[in-house]
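The values are calculated or read from the model by the stated rules, or taken from the named source; none is laboratory data. These figures come from a predicted structure and were not determined experimentally. We place every Cβ from the backbone using ideal geometry, glycine too, and count neighbours over all the protein chains shown. The accessibility values were calculated without ligands, DNA or RNA, using every heavy atom of the protein model including side chains. Shrake-Rupley method; radii C 1.70, N 1.55, O 1.52, S 1.80 Å.
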Amino acid sequence: QAQLVESGGGLVQPGGSLRLSCVAPGSIFRINTMGWYRQAPGKQRELVAWISNGGSTMTADSVTGRFTISRDNAKNTVYLQMNSLKPEDTAVYYCRGWPIGNYWGQGTQVTVST
């Protein structure tokens, strides 16, 4: 049973925006790096962005300048703000918490299409 719960996916037109949210138990959230991965049909799962519990961040080259990761420690929630979406951003997006354990959510579908 997934302990991380994602929300915010959906269908959006190219150039549009979505914000994904992932809520985790505090015992997981406080001590871990939190990140977003995505998996498109027929492709391997890839890392999109991560944020450490100290606030350091990284985004993949393919989304830098368009996607922003952030975390709200009071709400045990990590966000992925996605702007200027492209059809190639279409994928199932997964939240992950690591390295103290390895926790995944069940995923949320993002579809960018006209």
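Give me a count of the residues in the stretch 99-114 that are open to solvent by less than 50 Å² (accessible area, probe 1.4 Å) and assigned to a strand (DSSP E or B).
5
So residue 62 ticks every box in (1) under 25 Å from residue 112 (Cα atoms); (2) out of contact with any helix residue (DSSP H, G or I) (no Cβ under 9 Å at 6 or more places or on another chain) but one. Which box is left unticked?
(2)
For the stretch 28-50, what are the residues that are of a type in the set (Gly, Ala, Ser) and surrounded by 13 or more Cβ atoms within 10 Å (Cβ to Cβ)?
If the condition is that a residue be of a type in the set (Gly, Ala, Ser) and surrounded by 13 or more Cβ atoms within 10 Å (Cβ to Cβ), then 35, 40, 49 are the ones that fit.
Have a look at 46, 6 and point out the one that is within 21 Å of residue 86 (Cβ to Cβ), touching a Ser or Thr at 6+ places or on another chain (Cβ under 6 Å) and not hydrophobic (A, V, I, L, M, F, W, C).
Testing whether each residue is within 21 Å of residue 86 (Cβ to Cβ), touching a Ser or Thr at 6+ places or on another chain (Cβ under 6 Å) and not hydrophobic (A, V, I, L, M, F, W, C) leaves just 6.
Of the residues that make up the stretch 54-64, is at least one closer than 22 Å to residue 24 by Cβ, touching a Phe, Trp or Tyr at 6+ places or on another chain (Cβ under 6 Å) and touching a residue at least 12 places away in the same chain (Cβ under 8 Å)?
no
All but one of (1) at pLDDT below 95; (2) touching a Leu at 6+ places or on another chain (Cβ under 9 Å) hold for residue 53, so report the exception by its number.
So the condition that residue 53 fails would be (2).
Find the strands (runs of 3 or more DSSP E) located wholly in the stretch 51-94 whose residues include 2 or more that are on the phi < 0 side of the Ramachandran plot and open to solvent by 40 Å² or more (accessible area, probe 1.4 Å), and list them.
In the stretch 51-94, the matching strands (runs of 3 or more DSSP E) lie at 57-59, 67-72.
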